[in-house]
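The values are calculated or read from the model by the stated rules, or taken from the named source; none is laboratory data. Note that the structure is a prediction, hence the values are computed from the model and not measured. Here the Cβ positions follow ideal geometry from the backbone for every residue, glycine too, while neighbour counts run over all protein chains shown.
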Amino acid sequence: MVTPITLLYSALTLVQAAQEKPYQITVEAVPVELPGWPAGAAPARVVLLSDIHARTTDAPRVQELVQTASRLQPEAVILLGDYGRRNAPATDMPPATLAQRLAPLQKHCPVYYVSGNHDDAAAGSALRQAFDAQGFVFVEQQNATLTFSNGCQATLSGVPYRAEQLSTAPLKKRLTLQGEAPALPLIVASHSPWHFQTSALPGDLIVSGHTHGGQICLPGGQPIFQRGMWKHHQLRGGLHHGKRKGQQIYVSRGTGTSSIPIRLHCCPEVSLLLLTGSHQGNTTE
């Protein structure tokens, strides 16, 4: 029996097949102003990789991601979670293999990471062991200080994935800075941008993924389907405003797929953030 879902899936597959290179990796280079940095500072280069969802057959794709990211000459790489697929772990790339394939990223700069909603239970534990063995830095439990060649610094803090309906209190507690250390811009790595889009949590720049940019979009990147509590514009990739005054959120479209192995008008993305000083102070939404 042919169901409406089957017809929709078939139609989307045909439309995708008609596109030119629907899975071609794109580089999104985005200038982002940080408070407290001098306006004349040269841009600091931070690469984001999100939602890899690596299958056992994805070695060429992961290699291309690493090569693309490395060509961008990053000063830091942040991995934003969802490295496998919780709904199909038997066909996922083993964590140790994925970690080895991502290891060249740290040839010239440190690699930081957080977990996503697909990285829980046994798979998440194995992944952490594999990433830690490669020297990647897990920032959900302790902050890191990023020092760039332009002489500027920022604090990087990671938060664990938290479902939309849950309280933001643990995230707020995690992000409360202690002590009287000199104030640095706070970059927060959060697999999901949801709580920062809906609550005034700390952070000058939030870097995230999770939404896949909508994954199935109209020309121009407008998501076709709404997802749970999310609104269409919240799913879309790119630079967003947070609820906190002056806060910016960068949502990566990610590089893989999970439930439906189709991307439509939403190419895989390697994100290059070019961090500079603020020319006009903090902005408001």
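All told, Leu8 meets the bar of being over 18 Å from Leu273 (Cα atoms), outside any strand (DSSP E or B) and either of a type outside the set (Ser, Thr, Tyr) or at pLDDT 95 or above (or both). Of the numbered criteria (1) without any contact (Cβ under 8 Å) to a residue 40 or more places away in the chain; (2) more than 21 Å from Val270 (Cα to Cα); (3) in a strand (DSSP E or B); (4) not polar (S, T, N, Q), the one Ala123 fails is (3). Is region 88-111 home to any residue that is in contact (Cβ under 8 Å) with a residue 60 or more places away in the chain and surrounded by 16 or more Cβ atoms within 10 Å (Cβ to Cβ)? Looking through region 88-111, none of the residues is in contact (Cβ under 8 Å) with a residue 60 or more places away in the chain and surrounded by 16 or more Cβ atoms within 10 Å (Cβ to Cβ). Applying the selection to region 29-70, what residues are of a type in the set (S, T, N, Q) and in contact with a strand residue (DSSP E or B) (Cβ under 6 Å, 6 or more places away or on another chain)? Listed by number, the list holds a single entry, Thr68.
Filtering region 47-74 to residues that are over 13 Å from the mean Cα position of the chain (by Cα), within 17 Å of Leu273 (Cβ to Cβ) and in a loop (DSSP other than H, G, I, E, B) leaves Leu72, Gln73, Pro74. Per the listing His210, His195, the residue uniquely part of a helix (DSSP H, G or I) and within 20 Å of the chain's Cα centre (by Cα) is His195.
Can you tell me which condition Gln16 does not meet? The list is (1) on the phi < 0 side of the Ramachandran plot; (2) at pLDDT below 95; (3) surrounded by fewer than 16 Cβ atoms within 10 Å (Cβ to Cβ); (4) not small (Gly, Ala, Ser), and all the others hold. Only one criterion is unmet by Gln16, namely (3).
Conditions tested, residue by residue: (1) closer than 20 Å to Arg162 by Cβ; (2) touching a residue at least 12 places away in the same chain (Cβ under 8 Å); (3) in contact with a strand residue (DSSP E or B) (Cβ under 7 Å, 6 or more places away or on another chain); (4) crowded, with 24+ Cβ neighbours inside 10 Å.
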position	(1), (2), (3), (4)
Phe196	yes, yes, yes, yes
Leu201	yes, yes, no, no
Gln215	no, yes, no, yes
Leu218	no, yes, no, no
Gly221	no, yes, no, no
Lys231	yes, no, no, no
